[in-house]
Ligand SMILES: Cc1cc2nc3c(=O)[nH]c(=O)nc-3n(C[C@H](O)[C@H](O)[C@H](O)COP(=O)(O)OP(=O)(O)OC[C@H]3O[C@@H](n4cnc5c(N)ncnc54)[C@H](O)[C@@H]3O)c2cc1C
C-alpha cells in the first residue's frame, strides 16, 4: 500500500521515485520509439512512485493532485518520452472524469481505492469507426443483458483507436445510453479487464507517438449497470474530459517542444565553445525560437490558471468551449513549429535520427497533435459557436 494520502501533493513530482521514473523514461525513449513498443519500464516506475493514483481524491487513498500538479508531471515526462507523458496524461484524464462525476456511489469509491492500491492503468475508447474523432457521437450502445433482471449490461464497440488498450487494466468507453438513444445521448462506462474482450483491428506502426500503442480494437464487454457513470456524457465532456484533455495534452506537446529547444540550445552552445569570442549564426534563430517558446509556455500555463480559478459552471459556457478548443489548436500547431525551428538551428545534426541534437522523434511525435481530435473538427465547432457568441479573449 502506497501511503499517498499523507503525501503533500505539491511534493509529488519532487519525489525520488518520480525522479527515477523520469530517468527510466529517457533511458528507454529511443528504443520505445524504434520498436513501437509500450514504455513498460517507465510505467512500472510510475507505479512504483504511486503516480497512477495521484489524481484520485484523498478520501479514496489517492494524492488528490490538482490539474496543475498533473500538468507539471506530464510536462516533465513528455520531455523525456512523449509516449510515456501521453499515457500518464490519458490515464489521469480518465481518473478526473470518474472522480468529478461519480457522485456518492459506493462502487466508484471502492474502484478508485483499487486504482490506488493496485496502480491500475485506465485506457479510453471514445473514437469509433463511423464517427471518427467526434467524441460527442456514438454508434455502439449499452444494452441490458438478457439474464439477471437488467442488472447487467453488455456492449460491443468498434473503437478506431485505443492507446495502450492491450496493456491497460480497465477501459472507459463512450456509448449510446440505450439501443434506441440518439447518437449524442451518451454514457461513460468503465469495464474491468476481466469483464471485456479486446480484439485488435489493425496495427500501430505510425510516424510518431509510437509507444502509445494505439491500434483499433473491437471491444465486447459485460458489466454491472452501476459501472455507467450516472451523469450524461455531455456534462462530463464539457466539465472535465475536454478541459482536462486539452490542458494535459498541451503539456505533452510543450514537453516535446521544450526538449527540442534544449537540444537546439545545446547545439548552439557547443558551436560557441568551438569558436570562442564569435556568436554562432544559429544563435539568432535560437533567440527567435526562445521568444516563441515563451509564448507557447504562457499559453499553456494560462490554461491551467483559468481552469483552477473557474467555477464549474464556466466550463459549459460557449466562451470557455471556444477558448479550450483554441488552446488545443494553438498548442498542437506550436509544437510542430517549435520542433521545425529547432531543426533549422541544428541543421544536419538535427536531421539525423541519432545523436544528442536529433529532432526527428520530437518532430514525428509533434505531428500527432493536430490529429488527436482533428483540428478541423475543432475549427468547425468554434466557427459555429463564434457566429452566436462574442469571444474577446
Ligand atoms: C497518438 C494518438 C493516440 C490516440 N489515442 C486514443 C485513445 O486512446 N482513445 C480514443 O478513443 N482515441 C484515440 N485517438 C484518436 C483521436 O483522438 C481521434 O479520434 C482520431 O485521431 C481521429 O481520427 P481521424 O483523423 O481518422 O478521424 P476524423 O476526426 O474523422 O478526421 C478525418 C479527417 O476529416 C476531417 N474532418 C473530420 N470532421 C470534420 C469536421 N467536422 N470539419 C472539418 N473537417 C473534418 C479531419 O480534418 C481529418 O482530415 C488517438 C489519436 C492519436 C493520434
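Every number in this text was worked out from the coordinates using simple rules, so none of it is lab data. Keep in mind the model is a prediction, meaning the values are calculated, not measured. Counting neighbours? That spans all protein chains shown, and the Cβs are built from the backbone with ideal geometry, glycine included.
The distance linking segment 55-130 with segment 172-215 is 17 Å (Cα centroid to Cα centroid, whole angstrom). Within the listed set 333, 156, 146, the residue fluctuating most in the Gaussian network model of the chain (springs between alpha-carbon atoms under 10 angstrom) is 146.
The orientation-averaged shadow of the Cα convex hull for segment 124-231, equal to a quarter of the hull surface, comes to 6.8 nm². Given R0 = 22 Å, the distance between the Cβ atoms of residue 313 and residue 182 translates into a calculated FRET efficiency of 0.35. Using a Debye calculation, one point per C-alpha and no hydration shell, please list log10 I(q)/I(0) for segment 327-393 at q = 0.16 Å⁻¹ in order. Rounded to two decimals, the profile gives -0.62. In this rough spin-label picture, where each label sits 7 Å from Cα along the Cβ direction, the residue 269-residue 14 distance is 2.4 nm. Given a 10 angstrom Cα cut-off, can you work out which residue in 198, 52, 327 is the most mobile in a GNM of the chain? Comparing 198, 52, 327 in the GNM, the peak value goes to 198.
Order of 93-101, 278-286 by packing, highest average Cβ count within 10 Å first?
93-101, 278-286
Sorting 211-223, 130-142 by average packing, meaning the other beta carbons within 10 Å per residue, from highest down gives 211-223, 130-142.
Once every DSSP H run of n ≥ 4 in the chain is given -39500 (n - 2.57) and the sum is divided by its residues, what mean residue ellipticity at 222 nm do you get, rounded to the nearest 500 deg cm²/dmol?
Value at 222 nm, helices only, nearest 500: -16500 deg cm²/dmol.
Using the alpha-carbon positions of the chain, Rg (one decimal) and Dmax (whole number) come out as 21.3, 82 Å. For the pair residue 146 and residue 384, the difference between a 0.36 nm per residue extended length and the Cα-Cα distance amounts to 81.4 nm.
On full extension, the segment bounded by residue 278 and residue 205 gains 21.8 nm, given 0.36 nm per residue less the C-alpha separation. For the residues 84, 275, 235, a GNM of the chain with alpha-carbon springs under 10 Å puts the largest fluctuation on 275. Among 303-311, 379-387, the peptide with the highest mean count of other Cβ atoms within 10 Å heads the list, and the full ranking is 303-311, 379-387. For segment 206-277, the extents of the C-alpha atoms along the principal axes are 71, 28, 16 Å, listed from largest to smallest.
What would the Debye equation give as log₁₀ I(q)/I(0) for segment 234-388 at q = 0.16 Å⁻¹, counting only Cα atoms as equal point scatterers? Computed log10 I(q)/I(0) values: -0.85.
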